[in-house]
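The values are calculated or read from the model by the stated rules, or taken from the named source; none is laboratory data. Here the structure is a predicted model, which means the values were calculated and not measured. FYI the Cβ positions are ideal-geometry reconstructions off the backbone, even for glycines, and counts take in every protein chain you see. Heads up: the accessible areas ignore ligands, DNA and RNA and are worked out on the full protein's heavy atoms, side chains in. Shrake-Rupley method; radii C 1.70, N 1.55, O 1.52, S 1.80 Å.
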Amino acid sequence: MNLAFFGAGPLAEPYLDALRRRKDVQVAAVCDLDRRAAEQVAAGWNAQVYLSYQAMLQEGQPDALWICVPPALQGDVLLKAAEQRVPFFVVPPGAADFERASQCARAVAEARLVTAVGWPGRDADVVREAREYLGANVVPLALGWWLAPGETAGAAVAQLWTDASGLVDGLRFFCGEVARVRALTAGASGGGLVLQLEFSSGTVGMLTCATFARQEPRVELELLGEGWSLRFGKDLATLRLDEHDKTTILRCMNHPAVQQTAVFLEAVAKRDPAAVAVPYAEALRTLAVCHAAAVSARDSRAVGLEEVLGER
């Protein structure tokens, strides 16, 4: 299977490492705005270097594409891949804004394309163990914090879309679909954001984001019920389970990028869009929560998710 990479920097490294463990694939094409970075990656695979993703998709004709650049640098690569029926794996959040995400979701659906958005949390082994612990029980209360500077200084709404969207995806995974969002901003620059979340399951949630400088960043997700609490660290890679009589601390022992890579490639081989944990349509529902928060903060009102999804 011949693969192509758009992006050869740090975002691509975990997936390139995962692919090096496999003998059934070949990275045949690499594109990056930094030619030197592209050449360094390509040298290890004897791959062709491209300076534009358009040329790479047209000339390289890969069997699958990895998109490992920040949203602002993606351009129309997702739409181009869908147009040419090239399955793609994209690093989160997967789009620069909700309008582009919606356009891509429509194109993917029309092409019946295998896609994946790589939030690492859903593939962490501690997340699966927590899911088994909860069983069919509804989470009464869910709390999240992303208290760390983001890429866009002073803009917590933008931070929610980029950095903290993984926490939103984790909340959806454990608590189900969000029915309504209310967002309140704080600070003259909007550097703080508090999200009130109502889930269709009955769960009540709150997520706080802040770009304000603090000595110790805090990135956590906590689920609470009678007699227990589950607390996750960044990327949902650590878990602390507190019960009445004991505390259990677990750390992620698997490599989410390896798991994601294996599942995506198997789905591509079988042409089964539903085989991946987070296909693009699923990711869109996470991004819809982030977009609803932005609308709520702008209009000073609660926003229902059906209102946002109905605008597509």
Residue list for region 161-179, restricted to those being in a strand (DSSP E or B) and open to solvent by less than 30 Å² (accessible area, probe 1.4 Å): Val178
Qualifying residue in region 273-284 (condition: open to solvent by 80 Å² or more (accessible area, probe 1.4 Å) and in a helix (DSSP H, G or I)): yes
Boolean, Arg182 is touching a Lys or Arg at 6+ places or on another chain (Cβ under 6 Å), modelled with pLDDT of 95 or more and not in a helix (DSSP H, G or I): no
Every pair of residues 6+ apart whose Cβ atoms lie under 6 Å, when the first sits in region 34-62 and is in contact (Cβ under 8 Å) with a residue 60 or more places away in the chain while the second is open to solvent by 30 Å² or more (accessible area, probe 1.4 Å): Pro62/Asn2
Qualifying residue in region 260-278 (condition: hydroxyl-bearing (Ser, Thr, Tyr) and within 19 Å of the chain's Cα centre (by Cα)): yes
All helices (runs of 4 or more DSSP H) inside region 1-107 with 1 or more residues being in contact with a strand residue (DSSP E or B) (Cβ under 6 Å, 6 or more places away or on another chain) and open to solvent by 10 Å² or more (accessible area, probe 1.4 Å): 13-20, 35-45
In region 108-138, the residues that are in a loop (DSSP other than H, G, I, E, B), out of contact with any Phe, Trp or Tyr (no Cβ under 8 Å at 6 or more places or on another chain) and crowded, with 16+ Cβ neighbours inside 10 Å: Trp119, Ala124
From the options Thr247, Thr261, residue that is open to solvent by 70 Å² or more (accessible area, probe 1.4 Å), of a type in the set (Ser, Thr, Tyr) and touching a Leu at 6+ places or on another chain (Cβ under 8 Å): Thr247
Region 101-147: number of residues that are small (Gly, Ala, Ser) and in contact with a helix residue (DSSP H, G or I) (Cβ under 6 Å, 6 or more places away or on another chain): 10
Restricting region 285-306 to residues that are open to solvent by 70 Å² or more (accessible area, probe 1.4 Å) and either part of a helix (DSSP H, G or I) or touching a strand residue (DSSP E or B) at 6+ places or on another chain (Cβ under 6 Å) (or both), the residue that is modelled with the highest pLDDT: Arg285
Qualifying positions in region 225-244 - touching a residue at least 40 places away in the same chain (Cβ under 8 Å), closer than 19 Å to Arg172 by Cα and open to solvent by 50 Å² or more (accessible area, probe 1.4 Å): Asp235, Thr238
Any pair with Cβ under 6 angstrom, 6 or more apart, that starts in region 193-219 at a residue that is without any contact (Cβ under 8 Å) to a residue 40 or more places away in the chain and under 28 Å from Gly304 (Cβ atoms) and ends at one that is among the charged types (D, E, K, R) and not in a strand (DSSP E or B): Ser200/Glu177
